[in-house]
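The block underneath contains the structure these notes are about, expressed in C-alpha coordinates.
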Amino acid sequence: MKIKLYIILSILACTSMVKMSAQVRLGAEIGMNVSSLAIKANGHNVDVAGGLSVDYLFNNGITLQSGLYYSSKGASGLWDQYNYSGELRQADIHLGYIEVPLMVGYRIPVMSNVYLVPSVGAYFACGVTGYGEIDVIVSNEHGHGRISDRWDNPYKGFKKDWLADTEVKAFDRFDSGLRFGLSGEISRFVVSFAYDLGLKKVWSGFDTGSYKTSTHKMKNRTACISVGYKFNL
(Lines give C-alpha, C1' and ligand atoms only; values in the text may rest on other atoms or scores of the structure.)
Protein backbone atom coordinates (compact mmCIF):
# COMPACT_ATOMS: atom_id res chain seq x y z
CA MET A 1 0.00 0.00 0.00
CA LYS A 2 2.83 2.40 0.86
CA ILE A 3 4.53 1.59 -2.44
CA LYS A 4 1.34 2.36 -4.41
CA LEU A 5 0.92 5.64 -2.53
CA TYR A 6 4.54 6.55 -3.24
CA ILE A 7 4.09 5.86 -6.97
CA ILE A 8 0.93 7.98 -7.11
CA LEU A 9 2.60 10.87 -5.30
CA SER A 10 5.63 10.62 -7.61
CA ILE A 11 3.43 10.79 -10.71
CA LEU A 12 1.56 13.82 -9.34
CA ALA A 13 4.84 15.53 -8.52
CA CYS A 14 6.24 14.92 -12.00
CA THR A 15 3.02 16.17 -13.57
CA SER A 16 3.17 19.34 -11.48
CA MET A 17 6.79 19.92 -12.48
CA VAL A 18 5.92 19.54 -16.20
CA LYS A 19 3.08 22.02 -15.85
CA MET A 20 5.32 24.50 -14.08
CA SER A 21 8.05 24.18 -16.71
CA ALA A 22 5.75 24.37 -19.71
CA GLN A 23 3.54 27.03 -21.24
CA VAL A 24 0.40 26.67 -23.34
CA ARG A 25 -0.16 29.10 -26.20
CA LEU A 26 -3.18 29.53 -28.44
CA GLY A 27 -3.08 31.23 -31.80
CA ALA A 28 -4.83 32.02 -35.06
CA GLU A 29 -3.30 31.79 -38.54
CA ILE A 30 -4.33 32.59 -42.09
CA GLY A 31 -2.40 31.97 -45.27
CA MET A 32 -2.16 30.61 -48.79
CA ASN A 33 -1.73 27.08 -50.16
CA VAL A 34 -0.03 25.99 -53.38
CA SER A 35 -1.07 22.39 -54.02
CA SER A 36 -0.90 19.62 -56.60
CA LEU A 37 -1.00 15.85 -56.91
CA ALA A 38 2.22 13.85 -57.11
CA ILE A 39 2.16 13.40 -60.88
CA LYS A 40 3.83 15.29 -63.70
CA ALA A 41 0.76 16.05 -65.79
CA ASN A 42 -1.01 18.55 -63.56
CA GLY A 43 -1.03 22.22 -62.66
CA HIS A 44 -0.96 23.81 -59.23
CA ASN A 45 -3.91 25.25 -57.36
CA VAL A 46 -3.55 28.40 -55.26
CA ASP A 47 -6.09 28.75 -52.46
CA VAL A 48 -6.65 29.75 -48.84
CA ALA A 49 -5.74 28.04 -45.57
CA GLY A 50 -6.04 28.95 -41.91
CA GLY A 51 -7.17 27.92 -38.48
CA LEU A 52 -6.43 27.76 -34.78
CA SER A 53 -3.15 26.56 -33.29
CA VAL A 54 -2.16 25.28 -29.87
CA ASP A 55 1.46 24.98 -28.64
CA TYR A 56 2.88 23.34 -25.55
CA LEU A 57 6.15 25.18 -24.97
CA PHE A 58 8.78 23.75 -22.61
CA ASN A 59 11.54 25.81 -20.97
CA ASN A 60 14.22 23.84 -22.82
CA GLY A 61 12.90 25.19 -26.16
CA ILE A 62 11.05 22.07 -27.31
CA THR A 63 7.48 22.67 -28.50
CA LEU A 64 4.57 20.33 -29.13
CA GLN A 65 2.35 21.83 -31.83
CA SER A 66 -1.17 21.01 -32.95
CA GLY A 67 -4.40 22.76 -33.87
CA LEU A 68 -7.44 22.65 -36.11
CA TYR A 69 -7.09 24.01 -39.65
CA TYR A 70 -8.99 24.37 -42.91
CA SER A 71 -6.81 23.69 -45.94
CA SER A 72 -7.72 23.93 -49.65
CA LYS A 73 -5.91 21.48 -51.91
CA GLY A 74 -6.26 19.86 -55.31
CA ALA A 75 -4.84 20.19 -58.81
CA SER A 76 -5.69 21.52 -62.26
CA GLY A 77 -5.11 20.20 -65.76
CA LEU A 78 -5.54 16.50 -64.94
CA TRP A 79 -5.73 14.84 -68.35
CA ASP A 80 -6.87 11.37 -69.29
CA GLN A 81 -3.73 10.95 -71.40
CA TYR A 82 -3.79 7.22 -71.86
CA ASN A 83 -7.42 6.67 -72.79
CA TYR A 84 -7.71 5.08 -76.24
CA SER A 85 -11.46 5.43 -76.61
CA GLY A 86 -13.13 8.27 -78.50
CA GLU A 87 -13.39 10.48 -75.41
CA LEU A 88 -10.63 12.48 -73.76
CA ARG A 89 -11.29 13.72 -70.22
CA GLN A 90 -9.80 16.61 -68.27
CA ALA A 91 -10.43 17.69 -64.66
CA ASP A 92 -9.73 20.66 -62.39
CA ILE A 93 -10.19 19.64 -58.76
CA HIS A 94 -10.59 21.72 -55.59
CA LEU A 95 -10.71 19.95 -52.22
CA GLY A 96 -11.32 21.42 -48.76
CA TYR A 97 -9.93 19.55 -45.73
CA ILE A 98 -10.18 19.90 -41.98
CA GLU A 99 -6.69 19.04 -40.71
CA VAL A 100 -5.09 18.22 -37.37
CA PRO A 101 -1.25 18.38 -37.34
CA LEU A 102 0.93 16.80 -34.66
CA MET A 103 4.38 18.40 -34.67
CA VAL A 104 7.53 18.60 -32.58
CA GLY A 105 9.66 21.72 -32.88
CA TYR A 106 12.57 23.54 -31.31
CA ARG A 107 12.76 27.29 -30.65
CA ILE A 108 16.14 28.71 -31.62
CA PRO A 109 16.72 32.17 -30.10
CA VAL A 110 18.01 34.76 -32.59
CA MET A 111 17.71 37.90 -30.48
CA SER A 112 15.42 39.26 -27.81
CA ASN A 113 11.86 37.99 -28.46
CA VAL A 114 12.87 36.63 -31.89
CA TYR A 115 12.98 32.87 -32.59
CA LEU A 116 13.32 30.44 -35.46
CA VAL A 117 11.28 27.25 -34.98
CA PRO A 118 11.97 24.25 -37.26
CA SER A 119 9.45 21.44 -36.76
CA VAL A 120 8.52 18.03 -38.11
CA GLY A 121 5.58 15.70 -37.65
CA ALA A 122 2.44 14.39 -39.28
CA TYR A 123 -0.97 15.64 -40.37
CA PHE A 124 -4.37 13.95 -40.51
CA ALA A 125 -7.10 15.33 -42.75
CA CYS A 126 -10.77 14.78 -43.56
CA GLY A 127 -12.33 16.19 -46.73
CA VAL A 128 -15.42 18.30 -46.00
CA THR A 129 -15.96 20.38 -49.15
CA GLY A 130 -14.91 20.36 -52.77
CA TYR A 131 -15.88 20.55 -56.40
CA GLY A 132 -14.47 19.78 -59.81
CA GLU A 133 -14.77 20.91 -63.41
CA ILE A 134 -14.89 18.00 -65.87
CA ASP A 135 -14.36 18.46 -69.61
CA VAL A 136 -15.06 15.64 -72.03
CA ILE A 137 -13.66 16.01 -75.55
CA VAL A 138 -15.40 13.73 -78.04
CA SER A 139 -13.79 12.80 -81.36
CA ASN A 140 -15.73 11.03 -84.12
CA GLU A 141 -16.35 11.15 -87.84
CA HIS A 142 -18.19 14.46 -87.40
CA GLY A 143 -15.17 16.18 -85.81
CA HIS A 144 -14.45 17.27 -82.25
CA GLY A 145 -16.80 18.45 -79.51
CA ARG A 146 -16.17 19.62 -75.93
CA ILE A 147 -18.69 19.05 -73.16
CA SER A 148 -18.14 20.68 -69.74
CA ASP A 149 -19.85 19.85 -66.48
CA ARG A 150 -19.45 20.62 -62.77
CA TRP A 151 -18.56 17.83 -60.35
CA ASP A 152 -20.43 18.93 -57.23
CA ASN A 153 -19.01 16.30 -54.88
CA PRO A 154 -15.56 14.89 -55.71
CA TYR A 155 -15.91 12.41 -52.84
CA LYS A 156 -18.51 10.62 -54.95
CA GLY A 157 -17.94 9.22 -58.43
CA PHE A 158 -18.81 11.22 -61.55
CA LYS A 159 -20.35 9.70 -64.66
CA LYS A 160 -22.46 10.79 -67.62
CA ASP A 161 -24.80 7.89 -68.31
CA TRP A 162 -25.49 9.01 -71.86
CA LEU A 163 -21.80 9.21 -72.83
CA ALA A 164 -19.68 6.05 -72.82
CA ASP A 165 -16.49 5.71 -70.78
CA THR A 166 -16.72 9.02 -68.90
CA GLU A 167 -16.53 7.68 -65.35
CA VAL A 168 -14.28 9.57 -62.91
CA LYS A 169 -13.51 7.80 -59.66
CA ALA A 170 -14.23 9.52 -56.33
CA PHE A 171 -11.50 11.02 -54.17
CA ASP A 172 -10.78 9.38 -50.84
CA ARG A 173 -12.17 11.62 -48.12
CA PHE A 174 -9.32 10.90 -45.68
CA ASP A 175 -5.68 11.85 -46.10
CA SER A 176 -2.52 11.74 -43.99
CA GLY A 177 1.18 12.33 -44.39
CA LEU A 178 4.30 14.07 -43.15
CA ARG A 179 4.57 17.78 -42.43
CA PHE A 180 7.74 19.87 -42.32
CA GLY A 181 7.66 23.41 -40.99
CA LEU A 182 9.73 26.50 -40.30
CA SER A 183 8.40 29.46 -38.35
CA GLY A 184 9.73 32.85 -37.40
CA GLU A 185 8.40 34.32 -34.15
CA ILE A 186 8.67 38.03 -33.38
CA SER A 187 7.13 38.61 -29.97
CA ARG A 188 3.61 37.19 -30.41
CA PHE A 189 3.52 37.44 -34.21
CA VAL A 190 4.39 34.41 -36.35
CA VAL A 191 5.28 33.85 -40.01
CA SER A 192 5.19 30.16 -40.94
CA PHE A 193 6.05 27.93 -43.88
CA ALA A 194 4.90 24.31 -44.04
CA TYR A 195 5.13 21.53 -46.59
CA ASP A 196 2.76 18.55 -46.59
CA LEU A 197 4.02 15.32 -48.10
CA GLY A 198 0.94 13.13 -48.51
CA LEU A 199 1.61 9.43 -48.00
CA LYS A 200 -1.83 8.17 -48.94
CA LYS A 201 -3.13 7.75 -52.49
CA VAL A 202 -6.24 9.92 -52.52
CA TRP A 203 -7.42 9.32 -56.10
CA SER A 204 -7.42 6.51 -58.65
CA GLY A 205 -7.68 8.90 -61.58
CA PHE A 206 -9.81 8.12 -64.59
CA ASP A 207 -9.94 4.39 -63.86
CA THR A 208 -12.16 2.57 -66.32
CA GLY A 209 -11.83 -0.64 -68.26
CA SER A 210 -9.64 1.11 -70.84
CA TYR A 211 -7.55 3.30 -68.52
CA LYS A 212 -5.72 2.21 -65.38
CA THR A 213 -3.71 4.47 -63.06
CA SER A 214 -2.39 1.94 -60.57
CA THR A 215 1.17 3.17 -61.21
CA HIS A 216 0.32 6.82 -60.56
CA LYS A 217 0.89 8.15 -57.05
CA MET A 218 -2.00 10.64 -56.91
CA LYS A 219 -0.92 11.95 -53.48
CA ASN A 220 -1.32 15.46 -52.12
CA ARG A 221 1.65 17.82 -52.24
CA THR A 222 1.06 21.18 -50.55
CA ALA A 223 3.18 24.18 -49.60
CA CYS A 224 1.65 26.79 -47.29
CA ILE A 225 2.77 30.19 -46.05
CA SER A 226 0.82 31.91 -43.30
CA VAL A 227 0.88 34.69 -40.73
CA GLY A 228 -0.54 34.48 -37.24
CA TYR A 229 -0.73 35.71 -33.68
CA LYS A 230 -0.19 33.70 -30.49
CA PHE A 231 -0.98 34.46 -26.88
CA ASN A 232 -0.24 32.69 -23.61
CA LEU A 233 -2.89 31.08 -21.47
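The values are calculated or read from the model by the stated rules, or taken from the named source; none is laboratory data. This is a predicted model, so every value here is computed, not measured. Please note: Cβ atoms are built from the backbone with ideal geometry, for glycine as well, and neighbour counts cover all protein chains shown. With ligands, DNA and RNA removed, areas are computed over all heavy atoms of the protein, side chains included. Shrake-Rupley method; radii C 1.70, N 1.55, O 1.52, S 1.80 Å.
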Condition met for residue 205 (at pLDDT 90 or above and either open to solvent by less than 20 Å² (accessible area, probe 1.4 Å) or touching a helix residue (DSSP H, G or I) at 6+ places or on another chain (Cβ under 6 Å) (or both)): no
Residue check for residue 97: within 27 Å of the chain's Cα centre (by Cα), of a type outside the set (A, V, I, L, M, F, W, C), closer than 20 Å to residue 173 by Cβ and at pLDDT 95 or above: yes
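Test residue 85 against the criterion of being at pLDDT below 90 and surrounded by fewer than 15 Cβ atoms within 10 Å (Cβ to Cβ), and give yes or no.
Working: at pLDDT below 90: yes; surrounded by fewer than 15 Cβ atoms within 10 Å (Cβ to Cβ): no.
Judged against the criteria, residue 85 is not a match.
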Lone unmet requirement of (1) surrounded by 16 or more Cβ atoms within 10 Å (Cβ to Cβ); (2) over 17 Å from residue 185 (Cβ atoms); (3) at pLDDT 95 or above for residue 107: (2)
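Do we find that residue 119 is on the phi < 0 side of the Ramachandran plot, polar (S, T, N, Q) and at pLDDT 95 or above in this structure? Show your work before the answer.
Numbers: on the phi < 0 side of the Ramachandran plot: yes; polar (S, T, N, Q): yes; at pLDDT 95 or above: yes.
Taking the combined requirement at face value, the residue satisfies it.
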Count of the range 45-80 residues which are in a loop (DSSP other than H, G, I, E, B) and open to solvent by 50 Å² or more (accessible area, probe 1.4 Å): 2
Output for the range 167-196, where each listed residue is open to solvent by 50 Å² or more (accessible area, probe 1.4 Å) and closer than 28 Å to residue 92 by Cα: 167, 169, 172, 173, 174, 178, 180, 193, 195
So residue 139, is it at pLDDT 75 or above and loosely packed, with under 13 Cβ neighbours inside 10 Å: no
